[in-house]
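Worksheet for the structure shown next.
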Amino acid sequence: LAKTTQPISMDSYEGQEVNITCSHNNIATNDYITWYQQFPSQGPRFIIQGYKTKVTNEVASLFIPADRKSSTLSLPRVSLSDTAVYYCLVGDVSSVGTSGTYKYIFGTGTRLKVLA
Amino acid sequence: DAGVIQSPRHEVTEMGQEVTLRCKPISGHDYLFWYRQTMMRGLELLIYFNNNVPIDDSGMPEDRFSAKMPNASFSTLKIQPSEPRDSAVYFCASTSEVRINEKLFFGSGTQLSVL
């Protein structure tokens, strides 16, 4: 059973705002929501994390509604260099490892292609 | 810090040969993860270590795969014998605590091609 659901792919044009939504219906009370970004030929890297409402950093914004069953990663004014795969991760009790600690399980991610 | 360092960057080998991938985690990180990425299966967690001890190897596909962490600054992933279906990018990652709110830091990966 998938813990998170994201669109497989999205296309956008340079200068546009891009919103990628992740569904996580089984999110637990103490879970955080984290997004990673993976460029071609590189490993994923952390971009933003939140628990509720809105979080903003120099790269993106993360919007989380009150019920926390989904979250939206917002990339303002994308450029060609934002072409990457974006992964949404949440803490979920079903992914607890044998030692009782969290395992970083990545889903299929959203492949964003920014066009000129 | 130099980040997570993996070697080699690329490896091409023939079916049946032994392959050893290497990883140096970030200093001070107690957890080390090995992942495999393919187009078909995405990013799969193979195994992770805590303080050099394997904690969960449920993702290791077969007995042909083995991983070791002899000390806090070095880990290896070995495939013996290798097969064409093992072709993938193998990533190593490390973190200080395995909590969702702790960042996981990845290396640049090893592109493995088994002919």
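The values are calculated or read from the model by the stated rules, or taken from the named source; none is laboratory data. Just so you know, these numbers come straight off a predicted model, no measurement behind them. Cβ sites come from the backbone with ideal geometry, for glycine too, and all protein chains shown count toward neighbours. For the accessible areas, the whole protein counts, side chains as well, though only heavy atoms, and no ligand, DNA or RNA atoms are used. Shrake-Rupley method; radii C 1.70, N 1.55, O 1.52, S 1.80 Å.
Overview of values
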{"read-out": "Residue within the stretch A:20-28 that is touching a residue at least 40 places away in the same chain (Cβ under 8 Å), in a strand (DSSP E or B) and open to solvent by 50 Å² or more (accessible area, probe 1.4 Å) present", "value": "yes"}
{"read-out": "So B:Ile55, is it open to solvent by 20 Å² or more (accessible area, probe 1.4 Å), within 13 Å of chain A (Cβ to nearest Cβ) and at pLDDT 95 or above", "value": "no"}
{"read-out": "Only listed residue being within 13 Å of the chain's Cα centre (by Cα), more than 9 Å from chain A (Cβ to nearest Cβ), modelled with pLDDT of 95 or more and open to solvent by less than 30 Å² (accessible area, probe 1.4 Å), chosen from B:Phe74, B:Phe91, B:Phe65", "value": "B:Phe65"}
{"read-out": "Failed criterion for B:Leu115 (all others in (1) within 14 Å of chain A (Cβ to nearest Cβ); (2) over 30 Å from A:Val55 (Cβ atoms) hold)", "value": "(1)"}
{"read-out": "Strands (runs of 3 or more DSSP E) enclosed by the stretch B:19-112 - at least 3 residues per element that are closer than 30 Å to A:Thr29 by Cβ and not basic (Lys, Arg)", "value": "B:31-38, B:42-50, B:88-95"}
{"read-out": "Residue count for the stretch A:29-65, restricted to those that are surrounded by 13 or more Cβ atoms within 10 Å (Cβ to Cβ), within 14 Å of chain B (Cβ to nearest Cβ) and assigned to a loop (DSSP other than H, G, I, E, B)", "value": "9"}
{"read-out": "Residue, surrounded by the fewest Cβ atoms within 10 Å (Cβ to Cβ), within the stretch A:73-93, restricted to residues that are of a type in the set (S, T, N, Q) and more than 21 Å from A:Thr53 (Cβ to Cβ)", "value": "A:Ser81"}
{"read-out": "Top-ranked residue in the stretch B:10-51 [being more than 14 Å from chain A (Cβ to nearest Cβ) and on the phi > 0 side of the Ramachandran plot; ranked as least open to solvent (accessible area, probe 1.4 Å)]", "value": "B:Gly16"}
